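Below is one structure, written out as structure tokens; comments come after it.
The values are calculated or read from the model by the stated rules, or taken from the named source; none is laboratory data. Quantities reported herein were computed from a predicted structural model and do not represent experimental measurements. Cβ coordinates were reconstructed from backbone atoms using ideal geometry, including for glycine residues, and neighbour counts include every protein chain displayed.
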């Protein structure tokens, strides 16, 4: 039986390595990298909102507090994502970034519509569950547009938001602020930190 020359084996290994590199490059080019700093910053805003809304004199204004927090958190997140992409020479709204936003939008728009509808109907106590549930759905959808190393992590965060949303419909409204702080505050902080660790590992020299 004829033996394969050693140089043929080496060429096969080199070709396989080249193909793996090309595949990884294509995957990276089509994926959206979420900076951990954005998650941490949004988490800090969520923790601050939970703290302010827990003050007895301000507890009745929890809806306004959380709506302001959502606006501030979203703005800070967008700014940090823009800084991250410009820092590595990528456009803010093109390719994977555009697909990431489009995956987020349907559930977030549904949350905005339901916020207005439920508030006008006098059912504001349902809003924490709606917010957590639909935000989790938005994150789960957008996770598919992220890099493979982060997809499972971000998907897990989205799933936990969904669980928090379902739980909010079952517990007493007096615990809603705690649940909102745990979701929009603690979950963002924890997963922002974990994403930051992945980023550090990827930047580390081999």
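The residues in the stretch 153-175 that are buried (at least 22 other Cβ atoms within 10 Å of the Cβ) and farther than 12 Å from residue 187 by Cα can be counted, and the count is 1. Checking 154, 171 one by one, the residue that is in contact with a helix residue (DSSP H, G or I) (Cβ under 8 Å, 6 or more places away or on another chain) and in contact (Cβ under 8 Å) with a residue 60 or more places away in the chain is 154 and no other. Exactly one residue out of 179, 160 is at pLDDT 95 or above, part of a helix (DSSP H, G or I) and either under 28 Å from residue 97 (Cα atoms) or more than 18 Å from the chain's Cα centre (by Cα) (or both): that is 160.
Taking residue 97, is it assigned to a helix (DSSP H, G or I), farther than 16 Å from residue 173 by Cα and out of contact with any helix residue (DSSP H, G or I) (no Cβ under 6 Å at 6 or more places or on another chain)?
Numbers: assigned to a helix (DSSP H, G or I): yes; farther than 16 Å from residue 173 by Cα: yes; out of contact with any helix residue (DSSP H, G or I) (no Cβ under 6 Å at 6 or more places or on another chain): yes.
It is true that residue 97 is assigned to a helix (DSSP H, G or I), farther than 16 Å from residue 173 by Cα and out of contact with any helix residue (DSSP H, G or I) (no Cβ under 6 Å at 6 or more places or on another chain).
Output the residues belonging to the stretch 68-84 that are loosely packed, with under 15 Cβ neighbours inside 10 Å and either closer than 22 Å to residue 182 by Cα or in contact with a helix residue (DSSP H, G or I) (Cβ under 8 Å, 6 or more places away or on another chain) (or both). Within the stretch 68-84, 68, 71, 74, 75, 78 qualify. Contact map, the stretch 70-82: first residue more than 24 Å from residue 52 (Cα to Cα), second residue surrounded by fewer than 16 Cβ atoms within 10 Å (Cβ to Cβ) and at pLDDT below 95, Cβ cut-off under 7 Å, separation 6 or more or different chains; pairs are 82/92. Outside any helix (DSSP H, G or I), farther than 23 Å from residue 200 by Cα and modelled with pLDDT of 60 or more - does that describe any residue in the stretch 45-53? No, the stretch 45-53 has no match at all. Of 109, 118, 134, 127, all but one fail to be over 15 Å from residue 34 (Cβ atoms), surrounded by 21 or more Cβ atoms within 10 Å (Cβ to Cβ) and without any contact (Cβ under 8 Å) to a residue 40 or more places away in the chain; the exception is 134.
Pairing each residue of the stretch 92-105 that is closer than 15 Å to residue 74 by Cα with any residue that is assigned to a loop (DSSP other than H, G, I, E, B) and modelled with pLDDT of 80 or more, provided the two are 6+ apart or on different chains, yields C-beta distances under 8 Å for 100/145.
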